[in-house]
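Taking it in order: structure first as structure tokens, then the write-up.
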Amino acid sequence: MRTAILYVSIHHGNTEKIAREIARVLDAELLNVGKANEETIKNNDLIGFGSGIYFGKHHISLLKFIDALPKMNKKAKEFAEKLKITFQSLK
Ligand SMILES: Cc1cc2nc3c(=O)[nH]c(=O)nc-3n(C[C@H](O)[C@H](O)[C@H](O)COP(=O)(O)O)c2cc1C
């Protein structure tokens, strides 16, 4: 299964450290959301999304990226540095 971990890590690099470890364990592609695009989604079977929590939400650039995605039958997993883990499917 091809997997990509897309992350935003603005302040202390905390999310990046966790994203890097998840990508290592899963043998996944690791990408800052700013470098990801529609092809990244098309070319992978499972996508992990993560960022720090800022004012109660994932970073706006991550939320905008997800909002802009076409609806595809993909599995996605969303994570935050503080292990507030939720699961979300892109339909
Ligand atoms: C401006 C700012 C706002 C934050 N807001 C929240 C918040 O609402 N809830 C929370 O649990 N943590 C909050 N945090 C803590 C960050 O989620 C935490 O430091 C995280 O590790 C940052 O990830 P990063 O180093 O990958 O950017 C905030 C941090 C900053 C700098």
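All of the numbers you see were taken from the coordinates with simple rules; none came from a lab. Since we're looking at a predicted model, the values are computed, not measured. With ideal geometry, Cβ positions are generated from the backbone for all residues, glycine too; neighbour counts draw on all protein chains shown.
Things worth noting here:
- Of all residues in region 49-58, exactly one satisfies the criterion of being on the phi < 0 side of the Ramachandran plot and either without any contact (Cβ under 8 Å) to a residue 24 or more places away in the chain or away from the ligand (no atom under 14 Å from the Cβ) (or both), namely Lys57.
- Hits in region 1-47 - residues which are assigned to a strand (DSSP E or B) and without any contact (Cβ under 8 Å) to a residue 40 or more places away in the chain: Glu29, Leu30, Leu31, Asn32
- Of all the residues in region 1-48, those that are surrounded by 13 or more Cβ atoms within 10 Å (Cβ to Cβ), farther than 13 Å from Phe65 by Cβ, among the aliphatic types (A, V, I, L, M) and away from the ligand (no atom under 16 Å from the Cβ) number 3.
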